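*Asks:* The structure is given below, and queries will be raised subsequently.
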Amino acid sequence: MAGTQAPLVAFEGVQKTYDGETIVVKDLNLDIEKGEFLTMLGPSGSGKTTSLMMLAGFENPTHGDIRLGGRSLKDTPPHKRDIGMVFQNYALFPHMTVEENVAFPLKVRKASKSEQVDRARKALDMVQLGGLGKRRPGQLSGGQQQRVALARALVFEPQIVLMDEPLGALDKQLREHMQLEIKHIHESLGVTVVYVTHDQSEALTMSDRIAVFNDGIIQQLDSPSGLYESPQNSFVAHFIGENNILNGTVESIDGGECAVRLENGERIIAQAVNVDGPGSRTSLSFRPERVEIEDVEDHHDNALKARVAETIYMGDHVRIRMNVAGNDDFMVKMRFRSNRRPPAAGEEMYVSFAPKDCLALDPVAA
Amino acid sequence: MPSDLALSQAARPQQPQADRAAERAERAQLKSRLRRAERMKQLKAFGLIAPLLLFLLITFVVPIADMMLRSVHDTDLSEVWPRTTAAIEQWEDRTQLPPEPVYAAIAQDMKDSRANRTIAQAARRLNYDANGARTFVMGTARRLPDTAESWKSTMIDIDEAWGEIDTFGAIARASGPFTSFYLLNAIDLEKTATGEIVSAPEQEAVYVDIFTRTFVISMTVTLICALLGFPVAYLLANLPPKIANVMMILVLLPFWTSLLVRTAAWVVLLQEQGLVNDALIFTGILDEPVRLIYNRIGVYIAMVHILLPFMILPLYSVMKGIKPVYMKAATSLGAPPTTAFLRVYLPQTIPGLSAGGLLVFIISIGYYITPALVGGAADQMISYFIAFYTSDTVNWGMASALGAVLLVATMILYGVYNRLIGADKMRLG
Ligand SMILES: Nc1ncnc2c1ncn2[C@@H]1O[C@H](COP(=O)(O)OP(=O)(O)O)[C@@H](O)[C@H]1O
Ligand SMILES: [Mg+2]
């Protein structure tokens, strides 16, 4: 992943519209490094699949260019792009056995019969389906079909493997298991993976880097921890992880910090991430686990009055829903400690936080 | 509480036994209750299908069984010439003319049947097998004396046909009650007087050709339907619904007019001064009109037109279920478009192709009206001859035998098809 060499894939100013009216992908600029696991994360309809399809060659960009290894893909038909793909519902050929499915890419590349058998078997072993080669896809469970699709996309050693919500149809437990398995396969083969999902925890688990899509635009491109710790705008803060929002107005900006007057008149110091000048509106973002609860007002800059609305016992922690500065849904996560009694509904207390845990971002409609 | 203990100890060996018996009884009761419930369900199910079963039995199974029976059952002669059919047993050396008693029986039967006007039935039946039998039977009957010393010489004097062994072979073959005559005839074979099976004389051996022609026409029609129907079904399955619906109506349109009207329309269109010839000449494709009707071309055009929907509909319904993602997957795995089509798309359409193919083929085999109206003499299919024997000559035996051979041949073909493609792979929708 050396930043010095040219990226494997480069989207350059790519734009896409299907109907000439709505722009589904607007000005996409994205470099994908060789060997990395890059995830396109975003809500449904944000243009992730479209971007992937343009890379695979099933859709043409309306504008802009996509380069693979420095060469424009404009005139390369999909079957010559050497890009493996795993589809959401696997798209295993129902009339072929598992083995024939996996050998298909080798067969169309006119590999010898023995090589086909050999490599197909190895690929199936890799996804732990060694014994099931003679079955038909219809006789496999969803998870097994998923693995066959994976083996089939990897068997011809493509430069890139694209996966479009490949785990969407699996139940939670299997999905989490497959996430790790795909991650391990990626690590052991060193293949470049472009992965599409709308599930943020899946993206956080698996990726080297995540491109957060919304409205056909990449909102932020960062490592999982980067996205979680320092979201660049309210959308990302809201989409990744849990998040509390308080609206207010910027009073002054001092270096990286700013003073914000909340709607109920309280004033706090926040980290100025994405704010205009003094007087502009802003939305403050708090992670529930980065907020402290105190019985008495500390001599702290950042403490807000709070009233407990509800306490929810979660086993390893307690979630406390409170009313803070007019927000009824302010969630606080408190680690469960035996020496401390969780607050009861109706109790008045304070929440406090460090300025670095309170991000002033672009305003969202309340 | 020692007394309690004693009581329970005394009761213990018995109680489990009682328990077990009760349990067994209960289980038996449960079983019978289940059986009763199941029986009710089965009775209800049977009640629901009974009308259809009865309908099928009466309209389908019985007629086919009757047809099969008629093709081997032969009592036309024995009904009216009972003495003859009994006496012919005495004819042992079949290389010689039969002995006098046989002649006497025939003479007596001829006189009796002439008197009660049933001789025509015997004459007709013998005429199927022996050419000219109708004439010499009627002629001889008219000229028979009341008594004769030797019926043999008397009859040979009246008509020399009575001096030929073949005449008696025909009588023997027609004596019933069962005969292989019609079935053998339907595949161009016959039995000699001595019981050997030989091929029929050339001018009579027509049926194998007609069967072959029937199957060739049906297969050609099926093939043309598949070639023309495949792209249409593909478009129907893949066009946006709005356009596809309009196209679907066009495909189904032929169903809305009667078969006869459609066939008659082709007569108008295809004749030498018809629309099709005019158009071909107008566009300069042809210099002079070609014959498009009363020949094989006309039969193919009209039959394909009528049967095309039967190919398109099952194909369409199967193609509708083939998601476009399969072609994408094949392409992304490195298959060029043609390879992807041949290896991934086409095999998935087999259930539709085979269902449509079978449907068109089976319907074609029984076609009658269309070839009769737009075909020439050499384009008539087997149904034409079956209809001829049932309605023109009232030769039920021959009509049934041809039908039976058609049925068996079709079933053999189906068996071969089943082996090659597998009927379980077939899907109508
Ligand atoms: N083939 C298509 N024709 C027209 N519109 C499409 C097509 N595919 C996707 N769209 C539209 O483009 C937008 C983005 O879709 P998509 O790329 O599938 O989003 P995502 O994968 O992020 O859910 C959606 O509004 C969708 O309706
Ligand atoms: Mg999508």
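*Asks:* Can you spot a residue in the stretch B:291-300 that is without any contact (Cβ under 8 Å) to a residue 40 or more places away in the chain, open to solvent by 40 Å² or more (accessible area, probe 1.4 Å) and more than 14 Å from every other protein chain (Cβ to nearest Cβ)? Outline the logic, then answer.
*Replies:* The first filter runs over the stretch B:291-300 and keeps only residues without any contact (Cβ under 8 Å) to a residue 40 or more places away in the chain, leaving B:291-292, B:297.
Those still in the list that are open to solvent by 40 Å² or more (accessible area, probe 1.4 Å) too: B:291, B:297.
Subsequent filtering for residues that are more than 14 Å from every other protein chain (Cβ to nearest Cβ) retains B:291, B:297.
Yes, there is a match, as at least one residue in the stretch B:291-300 is without any contact (Cβ under 8 Å) to a residue 40 or more places away in the chain, open to solvent by 40 Å² or more (accessible area, probe 1.4 Å) and more than 14 Å from every other protein chain (Cβ to nearest Cβ).
*Asks:* Out of the stretch B:70-96, which residues are open to solvent by 50 Å² or more (accessible area, probe 1.4 Å) and either touching a residue at least 24 places away in the same chain (Cβ under 8 Å) or of a type in the set (K, R) (or both)?
*Replies:* Keep residues of the stretch B:70-96 that are open to solvent by 50 Å² or more (accessible area, probe 1.4 Å), which gives B:70, B:73, B:79, B:82-83, B:86, B:89-90, B:92-96.
Across the stretch B:70-96, the qualifying residues are B:R70, B:H73, B:E79, B:P82, B:R83, B:R94, B:T95, B:Q96.
*Asks:* Which count do you get for residues in the stretch A:148-207 that are farther than 16 Å from A:T39 by Cβ and within 16 Å of ligand 1 (Cβ to nearest atom)?
*Replies:* Number satisfying all stated conditions: 1.
*Asks:* Six or more apart or on different chains, Cβ atoms under 7 Å: show the pairs whose first residue is in the stretch B:14-26 and modelled with pLDDT of 85 or more and whose second is in a helix (DSSP H, G or I) and open to solvent by less than 100 Å² (accessible area, probe 1.4 Å).
*Replies:* Here the result reads none, with nothing in the stretch B:14-26 linked to a residue that is in a helix (DSSP H, G or I) and open to solvent by less than 100 Å² (accessible area, probe 1.4 Å).
*Asks:* Looking only at the stretch B:357-373, decide whether some residue is in contact with a Lys or Arg (Cβ under 8 Å, 6 or more places away or on another chain), assigned by TED's automatic domain parsing to the domain that holds B:A302 and not polar (S, T, N, Q). Write out each step before concluding.
*Replies:* Start the filter on the stretch B:357-373 by keeping residues that are in contact with a Lys or Arg (Cβ under 8 Å, 6 or more places away or on another chain), which leaves none.
No, the stretch B:357-373 contains no residue that is in contact with a Lys or Arg (Cβ under 8 Å, 6 or more places away or on another chain), assigned by TED's automatic domain parsing to the domain that holds B:A302 and not polar (S, T, N, Q).
*Asks:* Strands (runs of 3 or more DSSP E) wholly in the stretch A:1-107 with at least 2 residues that are under 26 Å from A:K183 (Cβ atoms) and within 16 Å of ligand 2 (Cβ to nearest atom) - which ones? Even if it seems obvious, please write down each step before you answer.
*Replies:* Values: elements: A:9-17, A:23-32, A:37-41, A:63-68, A:83-86.
Strands (runs of 3 or more DSSP E) meeting the threshold: A:37-41, A:83-86.
*Asks:* Could you list, in sequence order, the residues of the stretch A:126-141 that are open to solvent by less than 30 Å² (accessible area, probe 1.4 Å) and more than 10 Å from A:V98 (Cβ to Cβ)?
*Replies:* Within the stretch A:126-141, A:V127 is the sole residue that qualifies.
*Asks:* Another question about this same structure. Looking at A:G168, is it more than 24 Å from A:L8 (Cβ to Cβ), within 14 Å of another protein chain (Cβ to nearest Cβ), in contact with a strand residue (DSSP E or B) (Cβ under 9 Å, 6 or more places away or on another chain) and open to solvent by 20 Å² or more (accessible area, probe 1.4 Å)?
*Replies:* Details: more than 24 Å from A:L8 (Cβ to Cβ): yes; within 14 Å of another protein chain (Cβ to nearest Cβ): yes; in contact with a strand residue (DSSP E or B) (Cβ under 9 Å, 6 or more places away or on another chain): yes; open to solvent by 20 Å² or more (accessible area, probe 1.4 Å): yes.
Considered against the rule, which asks whether it is more than 24 Å from A:L8 (Cβ to Cβ), within 14 Å of another protein chain (Cβ to nearest Cβ), in contact with a strand residue (DSSP E or B) (Cβ under 9 Å, 6 or more places away or on another chain) and open to solvent by 20 Å² or more (accessible area, probe 1.4 Å), A:G168 comes out as yes.
*Asks:* Would you point out the residue of the stretch A:171-199, among those that are crowded, with 21+ Cβ neighbours inside 10 Å and not in a helix (DSSP H, G or I), that is farthest from ligand 2 (Cβ to nearest atom)?
*Replies:* Taking the candidates together, the pick is A:T192.
*Asks:* Report yes if B:A130 is within 21 Å of B:F181 (Cβ to Cβ), crowded, with 16+ Cβ neighbours inside 10 Å, aliphatic (A, V, I, L, M) and at pLDDT below 85, otherwise no. Quick ask: steps written out before the conclusion?
*Replies:* Numbers: within 21 Å of B:F181 (Cβ to Cβ): yes; crowded, with 16+ Cβ neighbours inside 10 Å: yes; aliphatic (A, V, I, L, M): yes; at pLDDT below 85: yes.
So B:A130 fits the description; yes.
*Asks:* Quick check on this structure: which one of A:G216, A:G248, A:G256 is within 16 Å of ligand 1 (Cβ to nearest atom) and more than 14 Å from every other protein chain (Cβ to nearest Cβ)? It would help to see each step written out before you state the result.
*Replies:* Details: A:G248 fails: within 16 Å of ligand 1 (Cβ to nearest atom); A:G256 fails: within 16 Å of ligand 1 (Cβ to nearest atom).
Just one listed residue meets the conditions, A:G216.
*Asks:* Let me ask something else. Search the stretch A:21-38 for residues being within 12 Å of ligand 1 (Cβ to nearest atom) and either within 23 Å of A:P158 (Cα to Cα) or within 23 Å of the chain's Cα centre (by Cα) (or both), and hand back the single one that is farthest from the other protein chains (Cβ to nearest Cβ).
*Replies:* So the first thing to find is which residues in the stretch A:21-38 are within 12 Å of ligand 1 (Cβ to nearest atom), and the list is A:21-26, A:28.
Retained after the next criterion (residues that are either within 23 Å of A:P158 (Cα to Cα) or within 23 Å of the chain's Cα centre (by Cα) (or both)): A:23-26, A:28.
Details: A:I23: 22, A:V24: 18, A:V25: 19, A:K26: 24, A:L28: 20 Å.
Filtering first and then ranking leaves A:K26.
*Asks:* Checking B:V325 against (1) within 14 Å of chain A (Cβ to nearest Cβ); (2) more than 23 Å from A:G138 (Cβ to Cβ), only one condition comes out false. Which one?
*Replies:* Among (1) within 14 Å of chain A (Cβ to nearest Cβ); (2) more than 23 Å from A:G138 (Cβ to Cβ), B:V325 violates only (2).
*Asks:* Right, next: Among the residues that make up the stretch B:343-353, is at least one of them part of a loop (DSSP other than H, G, I, E, B) and either within 13 Å of another protein chain (Cβ to nearest Cβ) or out of contact with any Ser or Thr (no Cβ under 9 Å at 6 or more places or on another chain) (or both)?
*Replies:* Taking the stretch B:343-353 and keeping what is part of a loop (DSSP other than H, G, I, E, B), we get none.
No, the stretch B:343-353 has no match at all.
*Asks:* Within the stretch A:144-165, count every residue that is part of a helix (DSSP H, G or I) and crowded, with 21+ Cβ neighbours inside 10 Å.
*Replies:* Just the residues of the stretch A:144-165 that are part of a helix (DSSP H, G or I), to begin with: A:144-154.
Imposing the further condition that a residue be crowded, with 21+ Cβ neighbours inside 10 Å reduces the set to A:145-154.
Going through the stretch A:144-165 one residue at a time, the tally reaches 10.
*Asks:* Please find, within the stretch A:49-85, the residue that is nearest to the chain's Cα centre (by Cα) out of those that are among the basic types (K, R) and within 11 Å of chain B (Cβ to nearest Cβ).
*Replies:* Of all residues in the stretch A:49-85, those among the basic types (K, R) come to A:67, A:71, A:74, A:80-81.
Subset that is within 11 Å of chain B (Cβ to nearest Cβ): A:80-81.
On the way: A:K80: 29, A:R81: 26 Å.
Step by step, filter the stretch A:49-85, then rank; the result is A:R81.
*Asks:* Moving to a separate point now. What pairs can you find where one residue is in the stretch A:48-65 and near ligand 1 (Cβ under 9 Å from one of its atoms), the other is in a loop (DSSP other than H, G, I, E, B), and their Cβ atoms are less than 7 Å apart, with a gap of 6+ or different chains?
*Replies:* From the stretch A:48-65, the pairs are A:K48/A:G42; A:T50/A:E59; A:M53/A:E59.
*Asks:* Moving on to the next point. Taking into account only those residues within the stretch A:68-89 that are over 15 Å from B:A335 (Cα atoms) and free of Cβ contacts under 8 Å to residues at least 60 places away in the same chain, which is least open to solvent (accessible area, probe 1.4 Å)?
*Replies:* For the stretch A:68-89, the residue satisfying everything is A:L73.
*Asks:* Oh, and also: Please go through the stretch A:123-146 and pick out each residue that is away from chain B (no Cβ under 14 Å) and touching a residue at least 24 places away in the same chain (Cβ under 8 Å). Before the answer, list the steps.
*Replies:* Step one: filter the stretch A:123-146 for residues away from chain B (no Cβ under 14 Å), giving A:124-135, A:139-144.
Hits for the stretch A:123-146 are A:L124, A:M126, A:V127, A:L129, A:L132, A:G133, A:K134, A:R135, A:L140, A:G142, A:G143.
*Asks:* Let me ask another. Restricting the search to the stretch A:86-120, which residues are more than 7 Å from chain B (Cβ to nearest Cβ) and either among the hydroxyl-bearing types (S, T, Y) or in contact with a Ser or Thr (Cβ under 7 Å, 6 or more places away or on another chain) (or both)?
*Replies:* A:Y90, A:T97, A:S112, A:S114, listed by residue number.
*Asks:* I'd like the full set of residues that are among the polar types (S, T, N, Q) and surrounded by 14 or more Cβ atoms within 10 Å (Cβ to Cβ), limited to the stretch B:220-242.
*Replies:* Restricting attention to the stretch B:220-242, the residues satisfying the condition of being among the polar types (S, T, N, Q) are B:220, B:222, B:238.
Correct list: B:T220, B:T222.
The values are calculated or read from the model by the stated rules, or taken from the named source; none is laboratory data. The structure presented is a predicted model; accordingly, all values stated were derived computationally and were not measured. Cβ: placed from backbone, ideal geometry, glycine included. Neighbour counts: every protein chain shown. Heavy atoms of the whole protein, side chains included, go into the accessibility calculation; ligands, DNA and RNA do not. Shrake-Rupley method; radii C 1.70, N 1.55, O 1.52, S 1.80 Å.
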